[in-house]
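Enquirer: Please see the structure below; I have some questions.
The values are calculated or read from the model by the stated rules, or taken from the named source; none is laboratory data. Here the structure is a predicted model, which is why all the values come from computation and not from measurement. Cβ placement follows ideal geometry from the backbone for every residue including glycine, while neighbour counts extend to all protein chains displayed. Ligands, DNA and RNA are stripped out before the accessible areas are found, and what is left, the full protein with its side chains, is counted by its heavy atoms. Shrake-Rupley method; radii C 1.70, N 1.55, O 1.52, S 1.80 Å.
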Amino acid sequence: MNGMKSIFGKLGFTLMEVNLAIFIMAAGVLAMVSLYPLGYRENQQSKDDVKSAAAADAVLNQITGALSQRSITWDDWLNAVQGAVKVTGQGERNGGWAAYCETGNGFTPKKKNSINSTAKSVFSALVGKSKPKPSWPVNSDYVCALVAQPGHVRIPGGEVQLDWSRIAVSMRVSRKAGALFAQPIYFTEIHFQGDQKK
């Protein structure tokens, strides 16, 4: 009987062992739970990245298609490119991103509607002469900035001058106006392919 008691006395866990097991399990569960917000944020960011890339692709493809039409004359091309550059408020050197800021002195983004309005104006100037005229393909959930810049060429003697036969179009897309300048830039370059004699 004493042997039986000693055997049963060895079975089970002490209160200290139970508390230690609960502590280890709680630490593991908390570590797993802490990963969920990070995973959710990364998942949301990847969705935004895919949607941003799709939106930029839709816009840049329509611009490329519109400006690559053989029926566009040199005057049509030049009016479109110069109109888009003028709309963004950019000079030959300062680039066009300043048009999406509150002032020319810093990168404080304007409000969403103001940013989208400027981007749509640039888009309209670039595709205005194409037939049929494309429509703005991005819904209002996103903030879009679109910049058009003429190409540059180095002439003999080392001087750099504008090359209006090429245009560089770049775009940023974001869910929030404040995060616009933290987004990647999507870029394409388009060459004039129409009839320069017309």
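Enquirer: Counting only heavy atoms of protein chains, what accessible area per residue, in Å², does the chain have with a probe of 1.4 Å?
Expert: Working: 12590 Å² over 198 residues.
Per residue, the chain has 64 Å² of solvent-accessible surface.
Enquirer: Would you mind calculating the gained length between residue 31 and residue 57 on full extension (0.36 nm times residue separation, minus the Cα-Cα distance), in nm to one decimal? Don't skip to the end; give the middle numbers.
Expert: Working: separation 26, 0.36 × 26 = 9.36 nm, distance 3.93 nm.
Full-extension gain reported as 5.4 nm.
Enquirer: Next question. Taking only C-alpha pairs under 8 Å that are 6+ residues apart, what is the relative contact order of the chain in percent?
Expert: Details: 267 pairs, mean separation 47.6, N = 198.
Relative contact order of the chain: 24 percent.
Enquirer: What order, most packed first, do the peptides 62-69, 107-114, 23-30 have when packing is the mean number of other Cβ atoms within 10 Å of each residue? Before the final figure, lay out the partial values.
Expert: Working: 62-69: 18.4, 107-114: 15.0, 23-30: 9.9.
The most tightly packed comes first, giving 62-69, 107-114, 23-30.
Enquirer: Among [x] 62, 17, 16; [y] 27, 19, 15; [z] 27, 24, 14, which is the computed semi-axes √(5λ) of the Cα gyration tensor in Å?
Expert: Label [x] holds the value from this structure.
Enquirer: With all protein chains present, how much of the accessible area of segment 45-156 (probe radius 1.4 Å) comes from carbon and sulfur, to the nearest whole percent?
Expert: Numbers: 2880 of 5890 Å².
Ligands and nucleic acids excluded, carbon and sulfur reach 49 percent.
Enquirer: Right, something else. List the DSSP H helices in the chain whose Cα atoms stretch 27 Å or more along the helix axis and whose mean Kyte-Doolittle hydropathy is at least 0.5. The partial results should precede the final answer.
Expert: Working: long enough: 15-67 (78 Å, 0.53).
Going by DSSP H runs, the hits are 15-67.
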